[in-house]
Every structure is written in structure tokens, then in C-alpha cells.
């Protein structure tokens, strides 16, 4: 029986999903790898994949497509760009996997783009012809789908919507070197920074935070009536709604999906976010739906598998 | 021999191009129509099309695709939205054309989107998989092509890039009701307005202008060393480069094409525009090409014909 693998590549381990061609997740395995830059490490990956298959009554010859999602740019040709946060030799890994899985089509996909494809295959966006996934975590990533296909971009920057400019007057720099990016206000880091700054302005003692991305505590403070938390989350919603209005004059999607870690708090800011988008958007787009993503941390694993499967059919 | 027609619908006349299926323009005809809202007017259109065919040794049965471009929104399903500037009953016209051209696939396309498709078929963007056409005339329109396909948008607002916000501090309203849109600074109207305002600031007597969209005179003044004209064109380039940087973090095209009437002055501001884009864009997109469009006023006629032909093949 034909199978598809989706491989979520992290800094020191990979998470692998074994899928049917219809997108049913049949098994998941986490494989510790260390840095993936040597033949020994590539073998750890390929042997791990073979074990997962064997445990589930399948063989390498059953695998027709393998997707790999990476935390960095991948261009329209499937070429992986510079990876800032993991040690990976994509060409070496690709060659090793090709040798071990001869029938399989391979595809690298950027992680936020992969998450969007996952939602398209088996998540909230199933059946939608156009949508934009906004993945809010430490940073703000995105995946843009138009005419049922992912828009990776000519230089791998498609869906880099954390870098829509929302404040031209900002004086602090974003990680990208520019100033006033969405990510500076709407990422987990940005929300916590806004919260602390509002506490300072209002003379409120901040709640105890578990690090610089602990939005959970900020959300809980908001639920408990904390004014600084309310202000920080309003600012996040306003910036996000404004950025979405900019995106809509370019691609005008049917749906926005809010995912990533901060996406988990969607209910808390959904109303404010929808109001902000409607305030800023061009009239025809006012009916655009804004919904939570549904596959959580598995979205990218689903999505890279789907992309590898799609490319095979072309 | 199979033929394709592209129909550019204006307020009081239509311009029709007769194409081979390879995109060679074999003949053009301009047909005065008046408002296209009655059976009598629909008959003027269909008879005009038949005459053009007869003059070129073809019959209605040779026509396999007919595109119609309209100055207004058309959604992903091909449905025409509200048309502000022309009197047209799209459903009535469509039915009349279908009766007269039984083999032909019909497609309505927004004019800026059609221009983009024209450039993709036979213009500067021939063979490109992704690009954005920016059509600068009285307003600023756009057409976004990703993965070789036009992005019309779920609500017909795809490519409405004249409405990217470039100045959140603007107090005057754009035609869309929002404030600070690209169109307010980079359209022909916007350039002339900036020029007059700069003349006022600098105490310079403006050159004689032939109406509120006469950018030709402003460009000529710039060539003659007029400081206010230089300032207005710099502002236009800066706003346009900034808006393009916003577009690139969403769809990251290979190429930007500058078209429309103001596109004709491309050489005059090309260098400033490229510098502005590079200043504002995310690092990976710095190599994006910025080029003049090449089909001029015929682009939309080519493009709607191409869309009708493409949709037939699906």
C-alpha cells in the first residue's frame, strides 16, 4: 500500500509522520539525530524511517513521497536557503534519502508554508482555494495559498508576513534589520514586550513570567482583568488586523487561519482581531473569514508530506 | 483554424483583438457600442465580432475562447462585481455571446489582472512563473501572478495594490474611503497633486498642465530641471518602492512590471524606484527585477483572451 512520510526537522531531532495517500496519520515517531550534517547522521534518519515503516507493516518501496519541512527559506524550485537555527546539510540528506527510498518523490518546504499546506490537506482550510496561515510563535511566520497552491516566492520570501511593516515610526530594529515589522508587535516576544512596557506606563506590577515568550501568563492576566495585558493584546490584534488588510489587497484570500503557539489563545482576541481587520480592509474583503488553525504542532508534518505527494502528481 | 478573441470593454466602445491560439494578434477592431445593457447593444457587439472574423477569413465556429476585460472586480469564480465607470450588463452580454459563438469558452477578467496576463502571454513577463504588474494611470491597479496563475482573489480584490497603505498619518481620504493608499501618491492624479503642492512649498510657478492627470508635463518639467517635479517623482518612487516591499513579503515575485500611462515614463524614475525597493525590501528579495511592461494599452486585450483560452484547457 502506497505511503507518504512527513518529516519535521528540528535542531536535534526529527518528528516523522506516516500517512496514507488520503492524509490519514497512521503513526508518528520522534528520532533523536543531533546535527544532520554527516553520512552517519543521514543514516540515523534513514534507519529511523525504515524502523517506523517496519513497525507499521510497510517497506521503503511502499513510500511514494517524502516531505521535509525546514525552519528557513525554500524557493519556488525547492532549493533550501540559509538555515539560521539548525545544522542541516539539505543536499546530503536528500541524496541519502533518495538512495534508501527509490520510489519516493522528495520535497523540502519552509515550516510556515508547510503548516499552511497541512491545514489545506487535513485542517481548517480543507477544500479552500485560497487562504493565508499566520503562525504566531516566537516570531510570526506565514503561508500563502492561492488557486490551491502554495506561494513560496521566487526568493523563498513568500508568506514572510511577520515582516509586513505596521509602524513606519518604530525606532527599534526587527530581527530582519528593518523597523516596524508585524513580528515586533504580534509575536510571543512582541506581546510580552508590549505587556511589560504597558505595566511600566500604568505603574502595574507585572505577573510572574516564565521567560520572554510567555504569552500564556499574559493571556491569563488578561482573563483576570489586568489592564496592561488587555492593552498589549489589543495592540497585537490591531497590528495583526492592519497587516492582514495589507495582505488582502495583494492576494485577497477566502480565509485567514491563526496558528502557532499564540494561536492557541485565539478565542481571547478573536473579536478584537476581526474588528481590526474590518476597520482596515478594503470594502470587498470585509467578509473574509478569520479562524483558528486546527492541526497544532503537527500541521507542518502533514503539509510537507502533502507537498511531496502533490509534486509527484505534476 | 482555431481563433481567440480578446474584448476590451470601455464606456462607449469596445476594442477587439483577433488572436491565433499561439497569441499572435492578427487583427484589431474598434466597435462603438454605447451603453451595453440591452439586446440591441449586445447585437452590436456580436455582429461587430462576426464582421471582424469575416474580414479575416474566419467564422464564429472557429472561435474557441473569448475573453472580456472589465474595469472592475471579478472574483475567483469569474463573477463580475460592481462596475463604477461603465454601463454594462455582464450576464446579458455573456448570454448573447454564448448564443452567437457556441464553441467558445467565455471569461470575464478585471482589466489590471488582464493586463498582467497579457504580459505573461506575450509581453515582458513571458515565461515567468511569478510577477506583479503595477498599472499606473489615473489610479494604480495591479495584477498578481503566482505559480503561473492569476490571483483574482476570493472577493475580487487580488492585485488591488493601489490600496496598500503607505502613509498611516495621511488625513485626506483615498477614493476607497481609507487613508494613505499608494494610489494617493503614485497615480497620475497623485503625482500631479504632489507636484502642485511642492511648487507651492518651494514658491515655484508650476508649468502649464493639461488637466489633473497630466504627468507628461510633470515628467518634462523634471527633465528640464524643475525642483518641484523632481520632488514629486521622488515621492512617487519612494511610495511605490515601499508598497512593492510590502507585496514581496506576501508573494515574493520574480519580477515587477511597471505599466499603464505613467509606466511610459519608466526610464525617468527607474533608478530611484529600484533604490527605494531595495531600501525597504526583506533581504532575500533584493534581486527582484523591476522592468517596464511592454504591451501598452493592448495588454488587457491580450490577457483576457489568454485567460479564456487557459480556462478552456482546465
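A few points about this structure:
- Restricting region A:232-291 to residues that are under 19 Å from residue A:190 (Cα atoms), crowded, with 23+ Cβ neighbours inside 10 Å and more than 22 Å from the chain's Cα centre (by Cα) leaves a set whose member that is farthest from the other protein chains (Cβ to nearest Cβ) is A:232.
- Taken together, the criteria place residue B:111 among residues that are under 23 Å from the mean Cα position of the chain (by Cα) and either crowded, with 21+ Cβ neighbours inside 10 Å or within 14 Å of another protein chain (Cβ to nearest Cβ) (or both).
- One residue from A:168, A:178, A:103 being facing chain B (nearest Cβ under 9 Å) and either buried (at least 23 other Cβ atoms within 10 Å of the Cβ) or more than 22 Å from residue A:83 (Cα to Cα) (or both): A:168
- Restricting A:6, A:57, A:34 to those that are surrounded by 13 or more Cβ atoms within 10 Å (Cβ to Cβ) and out of contact with any strand residue (DSSP E or B) (no Cβ under 6 Å at 6 or more places or on another chain) reduces the list to A:34.
- Taken over region B:120-162, the residue count meeting the criterion of being part of a loop (DSSP other than H, G, I, E, B), farther than 20 Å from residue B:241 by Cβ and facing chain A (nearest Cβ under 7 Å) is 9.
- Some residue of region A:277-294 being in contact with a helix residue (DSSP H, G or I) (Cβ under 8 Å, 6 or more places away or on another chain), closer than 28 Å to residue A:23 by Cβ, in a helix (DSSP H, G or I) and at pLDDT below 95: no
The values are calculated or read from the model by the stated rules, or taken from the named source; none is laboratory data. Being a predicted model, the structure only gives us computed values, none of them experimental. For neighbour counting, all protein chains shown are included, and Cβ atoms are generated from backbone atoms with ideal geometry for every residue, glycine included.
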